[in-house]
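Accompanying notes for the structure given below.
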Amino acid sequence: MTFLVVLIGWIFSLCLHEFSHALVAYMGGDYTVRDKGYLTFNPLKYTHPVYSLLLPLLFLVMGGIGLPGGAVYIETERLRSKNWRTAVSLAGPSSNLLLAIILGLVLRFAPVNFTGIWPGLAFLALLQVTAVVLNLIPVPPFDGYNAIEPHLNEATRMKFEQTRGMFIWVIFLLLWFVPIVGNMFWGLIFFVSRVLGIPLELAAMGLDQFRFW
(Lines give C-alpha, C1' and ligand atoms only; values in the text may rest on other atoms or scores of the structure.)
Protein backbone atom coordinates (compact mmCIF):
# COMPACT_ATOMS: atom_id res chain seq x y z
CA MET A 1 0.00 0.00 0.00
CA THR A 2 2.80 2.41 0.90
CA PHE A 3 4.52 1.80 -2.44
CA LEU A 4 1.32 2.57 -4.35
CA VAL A 5 0.50 5.64 -2.25
CA VAL A 6 3.96 7.10 -2.83
CA LEU A 7 4.13 6.15 -6.50
CA ILE A 8 0.69 7.52 -7.40
CA GLY A 9 1.21 10.57 -5.22
CA TRP A 10 4.59 11.29 -6.77
CA ILE A 11 3.22 11.03 -10.31
CA PHE A 12 0.48 13.49 -9.31
CA SER A 13 3.02 15.88 -7.81
CA LEU A 14 5.15 15.62 -10.95
CA CYS A 15 2.15 16.61 -13.06
CA LEU A 16 1.25 19.41 -10.66
CA HIS A 17 4.83 20.73 -10.78
CA GLU A 18 4.95 20.84 -14.57
CA PHE A 19 1.35 22.03 -14.93
CA SER A 20 2.23 24.95 -12.67
CA HIS A 21 5.17 25.89 -14.90
CA ALA A 22 2.90 25.73 -17.94
CA LEU A 23 0.00 27.63 -16.38
CA VAL A 24 2.17 30.57 -15.32
CA ALA A 25 3.87 30.55 -18.74
CA TYR A 26 0.43 30.71 -20.37
CA MET A 27 -0.50 33.62 -18.13
CA GLY A 28 2.80 35.28 -19.00
CA GLY A 29 2.30 35.12 -22.75
CA ASP A 30 3.47 31.72 -24.00
CA TYR A 31 0.18 30.48 -25.42
CA THR A 32 1.92 27.58 -27.18
CA VAL A 33 1.83 25.54 -23.96
CA ARG A 34 -1.89 25.01 -24.53
CA ASP A 35 -1.30 23.60 -28.03
CA LYS A 36 1.45 21.35 -26.69
CA GLY A 37 -1.01 19.85 -24.22
CA TYR A 38 0.76 21.02 -21.08
CA LEU A 39 -2.35 22.48 -19.46
CA THR A 40 -3.46 19.02 -18.39
CA PHE A 41 -2.61 16.48 -15.71
CA ASN A 42 -1.66 13.85 -18.27
CA PRO A 43 1.77 12.53 -17.18
CA LEU A 44 2.54 11.38 -20.73
CA LYS A 45 2.70 15.04 -21.78
CA TYR A 46 5.57 15.65 -19.39
CA THR A 47 7.48 12.41 -19.82
CA HIS A 48 11.15 12.28 -20.76
CA PRO A 49 12.61 8.75 -20.66
CA VAL A 50 15.69 9.74 -18.66
CA TYR A 51 14.64 12.80 -16.66
CA SER A 52 11.06 11.67 -15.99
CA LEU A 53 11.55 7.98 -15.33
CA LEU A 54 15.11 6.77 -14.85
CA LEU A 55 16.62 9.54 -12.71
CA PRO A 56 13.63 10.13 -10.37
CA LEU A 57 13.28 6.41 -9.70
CA LEU A 58 17.04 6.07 -9.17
CA PHE A 59 17.16 8.85 -6.60
CA LEU A 60 14.03 7.61 -4.84
CA VAL A 61 15.56 4.16 -4.45
CA MET A 62 19.01 5.42 -3.45
CA GLY A 63 18.13 8.03 -0.90
CA GLY A 64 14.53 9.12 -0.82
CA ILE A 65 15.13 12.36 -2.72
CA GLY A 66 12.25 13.76 -4.73
CA LEU A 67 13.55 14.74 -8.15
CA PRO A 68 10.85 16.30 -10.34
CA GLY A 69 11.72 14.94 -13.74
CA GLY A 70 9.13 16.24 -16.11
CA ALA A 71 9.86 18.30 -19.17
CA VAL A 72 7.85 21.35 -20.16
CA TYR A 73 9.33 23.28 -23.05
CA ILE A 74 8.57 26.96 -22.55
CA GLU A 75 9.18 29.41 -25.38
CA THR A 76 10.67 32.01 -23.08
CA GLU A 77 10.96 34.64 -25.79
CA ARG A 78 7.15 34.82 -25.81
CA LEU A 79 6.98 35.76 -22.13
CA ARG A 80 6.26 39.41 -21.50
CA SER A 81 9.19 40.14 -19.18
CA LYS A 82 12.12 38.75 -17.22
CA ASN A 83 9.94 38.71 -14.13
CA TRP A 84 7.50 36.38 -15.88
CA ARG A 85 10.40 34.03 -16.67
CA THR A 86 11.29 34.06 -12.97
CA ALA A 87 7.67 33.41 -12.01
CA VAL A 88 7.46 30.47 -14.42
CA SER A 89 10.55 28.90 -12.88
CA LEU A 90 9.35 29.33 -9.30
CA ALA A 91 5.85 28.01 -10.04
CA GLY A 92 7.00 24.37 -10.01
CA PRO A 93 8.71 24.37 -6.59
CA SER A 94 5.83 26.45 -5.21
CA SER A 95 3.41 23.68 -6.15
CA ASN A 96 5.56 21.13 -4.28
CA LEU A 97 5.61 23.42 -1.25
CA LEU A 98 1.82 23.81 -1.39
CA LEU A 99 1.39 20.04 -1.56
CA ALA A 100 3.80 19.59 1.37
CA ILE A 101 1.78 22.10 3.42
CA ILE A 102 -1.49 20.31 2.63
CA LEU A 103 -0.03 16.90 3.50
CA GLY A 104 1.46 18.35 6.69
CA LEU A 105 -1.97 19.61 7.73
CA VAL A 106 -3.56 16.24 6.97
CA LEU A 107 -0.89 14.43 8.98
CA ARG A 108 -1.17 16.89 11.86
CA PHE A 109 -4.81 15.89 12.38
CA ALA A 110 -4.48 12.25 11.31
CA PRO A 111 -4.78 9.34 13.76
CA VAL A 112 -1.46 8.71 15.48
CA ASN A 113 -0.56 5.26 14.20
CA PHE A 114 1.93 3.59 11.92
CA THR A 115 -0.45 1.60 9.75
CA GLY A 116 -2.55 2.18 6.67
CA ILE A 117 -1.75 5.04 4.33
CA TRP A 118 -0.13 7.34 6.90
CA PRO A 119 3.51 6.23 6.50
CA GLY A 120 3.17 6.61 2.74
CA LEU A 121 1.66 10.09 3.04
CA ALA A 122 4.38 11.17 5.47
CA PHE A 123 7.12 9.96 3.14
CA LEU A 124 5.38 11.61 0.19
CA ALA A 125 5.24 14.87 2.14
CA LEU A 126 8.97 14.60 2.89
CA LEU A 127 9.63 14.03 -0.82
CA GLN A 128 7.84 17.30 -1.59
CA VAL A 129 10.15 19.15 0.79
CA THR A 130 13.23 17.60 -0.81
CA ALA A 131 11.88 18.61 -4.22
CA VAL A 132 11.47 22.22 -3.08
CA VAL A 133 14.94 22.52 -1.55
CA LEU A 134 16.64 20.69 -4.39
CA ASN A 135 14.91 22.70 -7.09
CA LEU A 136 15.83 26.02 -5.50
CA ILE A 137 19.58 25.35 -5.74
CA PRO A 138 20.79 28.24 -7.94
CA VAL A 139 22.72 26.24 -10.53
CA PRO A 140 21.47 24.71 -13.79
CA PRO A 141 19.36 22.77 -14.53
CA PHE A 142 17.39 23.50 -11.35
CA ASP A 143 14.51 25.94 -11.17
CA GLY A 144 16.45 28.11 -8.73
CA TYR A 145 18.95 28.93 -11.45
CA ASN A 146 16.26 29.36 -14.09
CA ALA A 147 14.61 31.93 -11.81
CA ILE A 148 17.70 34.14 -11.63
CA GLU A 149 19.10 33.39 -15.09
CA PRO A 150 17.08 36.11 -16.92
CA HIS A 151 18.63 38.72 -14.62
CA LEU A 152 22.26 37.66 -15.14
CA ASN A 153 24.56 39.35 -17.62
CA GLU A 154 25.34 37.63 -20.90
CA ALA A 155 28.89 36.59 -19.93
CA THR A 156 27.71 34.85 -16.76
CA ARG A 157 24.91 33.07 -18.60
CA MET A 158 27.35 31.80 -21.22
CA LYS A 159 29.69 30.39 -18.56
CA PHE A 160 26.85 28.49 -16.92
CA GLU A 161 25.54 27.31 -20.28
CA GLN A 162 28.88 25.76 -21.21
CA THR A 163 28.82 23.51 -18.13
CA ARG A 164 25.05 23.07 -17.73
CA GLY A 165 25.05 19.29 -18.06
CA MET A 166 27.58 18.62 -15.31
CA PHE A 167 26.06 20.55 -12.42
CA ILE A 168 23.36 18.03 -11.54
CA TRP A 169 25.98 15.29 -11.16
CA VAL A 170 28.26 17.53 -9.11
CA ILE A 171 25.39 18.35 -6.76
CA PHE A 172 24.48 14.72 -6.19
CA LEU A 173 28.09 13.65 -5.74
CA LEU A 174 28.45 16.34 -3.10
CA LEU A 175 25.24 15.23 -1.37
CA TRP A 176 26.31 11.59 -1.20
CA PHE A 177 30.05 11.78 -0.71
CA VAL A 178 30.75 15.05 1.14
CA PRO A 179 29.28 14.64 4.64
CA ILE A 180 29.09 18.32 5.52
CA VAL A 181 27.07 19.05 2.36
CA GLY A 182 24.74 16.09 2.92
CA ASN A 183 24.27 17.03 6.58
CA MET A 184 23.39 20.62 5.71
CA PHE A 185 20.96 19.48 3.00
CA TRP A 186 19.15 16.97 5.20
CA GLY A 187 19.26 19.30 8.20
CA LEU A 188 17.34 21.89 6.18
CA ILE A 189 14.93 19.22 4.91
CA PHE A 190 14.16 18.01 8.43
CA PHE A 191 13.81 21.55 9.79
CA VAL A 192 11.31 22.57 7.10
CA SER A 193 9.45 19.26 7.51
CA ARG A 194 9.06 19.77 11.25
CA VAL A 195 7.79 23.32 10.69
CA LEU A 196 5.17 21.94 8.28
CA GLY A 197 4.07 19.31 10.79
CA ILE A 198 5.46 16.28 8.92
CA PRO A 199 6.26 13.49 11.43
CA LEU A 200 9.80 12.39 10.55
CA GLU A 201 9.56 9.03 12.32
CA LEU A 202 6.49 8.19 10.28
CA ALA A 203 8.19 9.40 7.09
CA ALA A 204 11.19 7.15 7.83
CA MET A 205 8.84 4.21 8.21
CA GLY A 206 7.21 5.17 4.91
CA LEU A 207 10.62 5.13 3.22
CA ASP A 208 11.35 1.65 4.59
CA GLN A 209 7.97 0.35 3.46
CA PHE A 210 8.33 1.98 0.04
CA ARG A 211 11.63 0.15 -0.51
CA PHE A 212 10.01 -3.20 0.21
CA TRP A 213 12.61 -5.09 -1.78
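Quick notes on this one:
- If the condition is being surrounded by 17 or more Cβ atoms within 10 Å (Cβ to Cβ), at pLDDT 90 or above and part of a helix (DSSP H, G or I), then the range 24-60 contributes Val24, Ala25, Tyr26, Gly28, Val33.
- Subset of the range 102-145 [of a type in the set (Ser, Thr, Tyr) and touching a helix residue (DSSP H, G or I) at 6+ places or on another chain (Cβ under 8 Å)]: Thr130, Tyr145
- When Ala110, Ala203, Ala131, Ala122 are checked against the criterion of being free of Cβ contacts under 8 Å to residues at least 24 places away in the same chain and surrounded by 13 or more Cβ atoms within 10 Å (Cβ to Cβ), a single residue qualifies: Ala110.
- When Leu97, Leu103 are screened for being in a helix (DSSP H, G or I), under 18 Å from the mean Cα position of the chain (by Cα) and free of Cβ contacts under 8 Å to residues at least 60 places away in the same chain, only Leu97 passes.
- Of all the residues in the range 146-192, those that are of a type in the set (Phe, Trp, Tyr) and in contact (Cβ under 8 Å) with a residue 24 or more places away in the chain number 4.
- Some residue of the range 142-162 being in contact with a Ser or Thr (Cβ under 7 Å, 6 or more places away or on another chain), among the acidic types (Asp, Glu), surrounded by 13 or more Cβ atoms within 10 Å (Cβ to Cβ) and under 24 Å from Val72 (Cβ atoms): yes
The values are calculated or read from the model by the stated rules, or taken from the named source; none is laboratory data. All values derive from a computational prediction rather than experimental measurement. Positions of Cβ are backbone-derived with ideal geometry, glycine not excepted, and every protein chain shown enters the neighbour counts.
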